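Laboratory data are not the source of any read-out in this text; all were calculated from the coordinates shown. Values in this document were obtained by computation on a predicted structure and should not be read as measured data. Glycine also receives a Cβ, built like all others from the backbone with ideal geometry; neighbour counts cover every protein chain displayed.
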Amino acid sequence: MTPWTIVPGALDERLGIVVTAQAADRVSASMPVDGNTQSLGRLHGGATAALAEAVGSWAAMIHASTLGKVCVGVDLNITHHRGARAGRIHAVATAAHRGRRVATYDVRVVDDEDRLVATARITNLIVDGE
C-alpha cells in the first residue's frame, strides 16, 4: 500500500505551514511568526499548538495508511518554553510509539536560531477509514 501523502488543510494554509519532510517516523514543517501572533506581538501559543498537532497527526496518518487505516487525535499537550516575535518556527514530530491501535509522537519546535520554543506530545488512535 502506498503511504498517505500530506495534504495541508485550510487552517494549515491560513497559518502558512509548509511541510519540509514526511515519513511515518518523522514529519517536519515550518510556519511564519508574522500573521500568527497574539495581541502583544508574540507568537500565539494556539498557533504553535496547531503546528505541533499538524506534524504529529500527519506522521500518524502516514503510519496508519501503511496499515490500511486512518487516525484521529485523542490527546495533545504542549509546553511553551520561549516566545518568538519574528522569523519562522520549525517543528519536527518524531515517533515515540507506532502501534496497530495508537501512534504517539514527540514534537520539538524551535526558532530560526534553533532555540527551543515548545515541546509537545500528540497521541492518535488508529481506526478503520470511513
Can you give the Kirkwood hydrodynamic radius for segment 17-57, in Å, rounded to one decimal and based on Cα pairs? 10.9
Charged-residue dipole, Cβ positions (Lys, Arg, Asp, Glu), the chain about Cα centre, Debye nearest 20: 240
Pull out a ≥ b ≥ c, the square roots of the eigenvalues of the alpha-carbon gyration tensor of the chain, then state rounded if a/c is under 1.5, prolate if not and a/b is larger than b/c, and oblate in the remaining case. prolate
Given a cut-off of under 8 Å on Cα pairs at least six residues apart, what relative contact order in percent is computed for segment 4-108? 32
Check: segment 57-117 dipole with +1 on Lys, Arg Cβ and -1 on Asp, Glu Cβ, in debye: 260
Qualifying trypsin sites (Lys or Arg not before Pro) for segment 1-50 [loop in DSSP, other Cβ within 10 Å: at most 15]: Arg42
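If R₀ is 30 angstrom, what is the calculated FRET efficiency for the pair Arg14 and Arg101, using the beta carbon separation as r and rounding to 0.05? Before the final figure, lay out the partial values.
Working: r = 32 Å, r/R0 = 1.06.
After rounding, the FRET efficiency stands at 0.40.
Using a simple charge model, +1 on the beta-carbon of Lys and Arg, -1 on the beta-carbon of Asp and Glu, nothing else, what dipole does segment 8-66 show about its Cα centre, in debye to the nearest 20?
For this selection, approximately 100 debye.
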Apply 1/(1 + (r/R0)^6) to the Cβ-Cβ distance of Thr79 and Leu40, taking R0 = 30 Å, and write down the FRET efficiency to the nearest 0.05. 0.95
For Leu40, Leu11, what's the fewest-to-most ordering of other Cβ within 10 Å of each Cβ? Leu40, Leu11
Amide hydrogen neighbours beyond the local backbone of Trp4, cut-off 5 Å, H modeled: Ser65, Thr66
